[in-house]
1. Restricting to region B:260-278, and then to whatever is within 9 Å of chain A (Cβ to nearest Cβ) and surrounded by 24 or more Cβ atoms within 10 Å (Cβ to Cβ), can you tell me which residue is farthest from A:GLN249 (Cα to Cα)?
2. Within region A:127-134, is there a residue that is surrounded by fewer than 18 Cβ atoms within 10 Å (Cβ to Cβ) and in contact with a Leu (Cβ under 9 Å, 6 or more places away or on another chain)?
3. If you take the residues in region A:191-203 that are touching a residue at least 12 places away in the same chain (Cβ under 8 Å) and part of a helix (DSSP H, G or I), which one is nearest to the other protein chains (Cβ to nearest Cβ)?
4. Please indicate, with yes or no, whether at least one residue in region A:158-177 is more than 14 Å from chain B (Cβ to nearest Cβ), surrounded by 21 or more Cβ atoms within 10 Å (Cβ to Cβ) and β-branched (Val, Ile, Thr).
5. In region B:199-218, is there at least one residue being more than 10 Å from every other protein chain (Cβ to nearest Cβ), in contact (Cβ under 8 Å) with a residue 40 or more places away in the chain and not in a helix (DSSP H, G or I)?
6. Does A:THR110 satisfy being more than 14 Å from every other protein chain (Cβ to nearest Cβ) and modelled with pLDDT of 85 or more?
7. Do you know which of the residues in region A:244-259 that are away from every other protein chain (no Cβ under 11 Å) and under 22 Å from the mean Cα position of the chain (by Cα) is surrounded by the most Cβ atoms within 10 Å (Cβ to Cβ)?
8. Cβ-Cβ below 8 Å, separation at least six or inter-chain, first residue in region A:61-77 and hydrophobic (A, V, I, L, M, F, W, C), second surrounded by 15 or more Cβ atoms within 10 Å (Cβ to Cβ) and outside any loop (DSSP other than H, G, I, E, B): which pairs?
Amino acid sequence: MTTIVDEGHARSAAPSRLPAHAGPWRRAWRRLRHRKGALVGLVVVLLFVIVALCAPWIAPFDPIETSWSAIRQAPDATHWFGTDEIGRDVLSRVIWGTRASLLAGVVSVTISLSLGIPIGILAGWMSATAGGIVDGLISRLVDAFLACPFLILAIALAAFLGPSLTNAMIAIGVSATPVFVRLTRAQVIDVKVEDYVEAARAVGNPPWRIALRHVLPNIAAPLIVQSTLAIAAAVIAEASLSFLGLGQQPPAPSWGSMLNTAKDFIDSAPWMAIWPGLSIFLLVLSFNLLGDGLRDALDPRQR
Amino acid sequence: MLAYLIKRLATIVPTLLFVSMLIFGLQQLLPGDPAQVLAGEDQDPTVIAYLHAKLHLDRPLPVRYAYWVGGVFTGDLGESVRSQQPVTRLVAEKLPVTFELACLAMTIALAIGIPAGIVSAVGRGSWWDYAANVFALWGLSTPNFWLGILMILLFSVELGWLPASGYVSPFVDLRANLAAMIMPAFVLGNAIAAVLMRHTRSAMLQVLSADYVRTARAKGLSEPVVVLKHGLRNALTPIITLGALEFGTLLSGAVLTEQVFTIPGFGKLIVDSVFNRDYSVVQGVVLVTATSYIVLNLLADLASFVVNPRLRR
């Protein structure tokens, strides 16, 4: 999961002419509206969400129903995206596969956020107390996780947990957590010396209240940006694990497992590989465009 | 230099310790008795008893960890349940194949990513810049296993120029080796080229607005000299660090690429081990990968130290 800080883009963004009374979120939305790429990304993501939610009504066929009379049929008026090696409708499987991909993206990142934010806040908050032992321990543990390449760690975790979509999501979520711990920690260290945090402490607020009411809202922007980019990475990771047979299990449809089957029929039925791959590409591209736009609109360091 | 090296070595010791704990801990995720899981479908009581004794499963967890780490220090990463071969030997056999793939992929990534980043930064706002950014987004958003399948479809099935699979050692037939490796290397290099392009662009934009670059231009130096000698040289530090960090992406990508092109490397070893429930091989591969990653990061830091005189002060 690589986070790319593209300063050139940030500087080239048009200067905002926004009323001083507008809130930070409203100003961010206005900035985002001026970035065409981000808006296109947002619209395509929303379209995928609608497709995933409406899959039972818009899929023309049952995604697991086989038809021995329609094996590896090229795209035609009945089967727009063709059929696979056991006669299942590729379009219906792509539509249902949207669910697995989106679910994996959102659930994995939710797991990363639920683990990463509290641990990151703890590390950042304790960085200057108790000799920094807690922070040191957490940081070394994060370094250890980050030393294991993301997908290899996810493969190892999925292997030991057992192959299933749920375990793939847990594996991806846990593997992506260190990035969020590190980001949250760095943000907390920056924010905790701000006057408003000092003031909250001075009036006797307990640490958990300061963390939730004063620190968290002020570190939300970079976390939202990172989450969007992490969803893109998680979608690819789920597709990768399913491609290797460690994610969604057959016959349930998943773009990754569809590609795994398609590679064996690439010379006789190339359409089996084109559509699921294109769907992964479009969804990931949209999240990346949205993430880039959100970074320029939200991340204070980039303004 | 020596003091810096010692300081850096001191920071990687605890990281390695945690990495070893993490990888050893993976075994604890196995439901029930690990020996029964490792014994496979046959559930031979002799094998289960042998595994119990071999893995010290009747001893407390910290003791088992100590045994395991002790083995790692002496180069013993355990034994493959499937092939009965030492994991170290399996890893050593597969490593050169993935190493070659990684080197070729990195060469392609550097050859595309750095020039594209420079052109994009120098011609900021131009069509070149736009094209380079589109390329970067494409590279970051394309799953490499899909790109691999598409390339097989075009270059192997349609045009018949390159073999779709089959690995030949470079010592047997270099030409056949390169023919088999060029597609996977491109697939793997593509995503890293995108990341390198973005970082090179970003670093170059920063450097090109620096005073010393303005001075170089004011001296009347030609644009290529200004960009390459004064610009790129100073932008290299973050690019070197990133190159090492991308090693992780390279290995993750290799797992999928080797699967698509049936290359008998490191990635294929880990996937095959997962399906054979050969957990000591999985642990061994992850440990070697993580250690290589840490060592490469150390080397990148040292390279930055050498390239950037400011760090030496």
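The values are calculated or read from the model by the stated rules, or taken from the named source; none is laboratory data. Note that this is a predicted model, so its numbers are computed, not measured. Glycine gets a Cβ as well: all are built from the backbone with ideal geometry, and neighbour counts include every protein chain shown.
1. As a first pass, look at region B:260-278 and keep what is within 9 Å of chain A (Cβ to nearest Cβ): B:260, B:267, B:270-271, B:273-275, B:277.
Still in the list and also surrounded by 24 or more Cβ atoms within 10 Å (Cβ to Cβ): B:260, B:267, B:270, B:273.
Details: B:VAL260: 19, B:GLY267: 21, B:ILE270: 19, B:SER273: 19 Å.
Here the residue is B:GLY267.
2. Within region A:127-134, one or more residues are surrounded by fewer than 18 Cβ atoms within 10 Å (Cβ to Cβ) and in contact with a Leu (Cβ under 9 Å, 6 or more places away or on another chain).
3. Residues of region A:191-203 touching a residue at least 12 places away in the same chain (Cβ under 8 Å): A:191-192, A:194, A:196-197, A:200.
When the remaining residues are screened for being part of a helix (DSSP H, G or I), the result is A:191, A:196-197, A:200.
On the way: A:VAL191: 25, A:TYR196: 31, A:VAL197: 29, A:ALA200: 34 Å.
For region A:191-203, the residue satisfying everything is A:VAL191.
4. no
5. no
6. Working: more than 14 Å from every other protein chain (Cβ to nearest Cβ): yes; modelled with pLDDT of 85 or more: yes.
Considered against the rule, which asks whether it is more than 14 Å from every other protein chain (Cβ to nearest Cβ) and modelled with pLDDT of 85 or more, A:THR110 comes out as yes.
7. So in region A:244-259, the residues away from every other protein chain (no Cβ under 11 Å) come out as A:247-254, A:257.
Pick out the ones that are also under 22 Å from the mean Cα position of the chain (by Cα) and you get A:247-249, A:252-254, A:257.
Details: A:GLY247: 32, A:GLN248: 28, A:GLN249: 14, A:ALA252: 18, A:PRO253: 26, A:SER254: 28, A:SER257: 26.
For region A:244-259, the residue satisfying everything is A:GLY247.
8. A:PHE61/A:ASP89; A:PHE61/A:LEU91; A:PHE61/A:SER92; A:ALA70/A:THR83; A:ILE71/A:THR83; A:ALA74/A:TRP271
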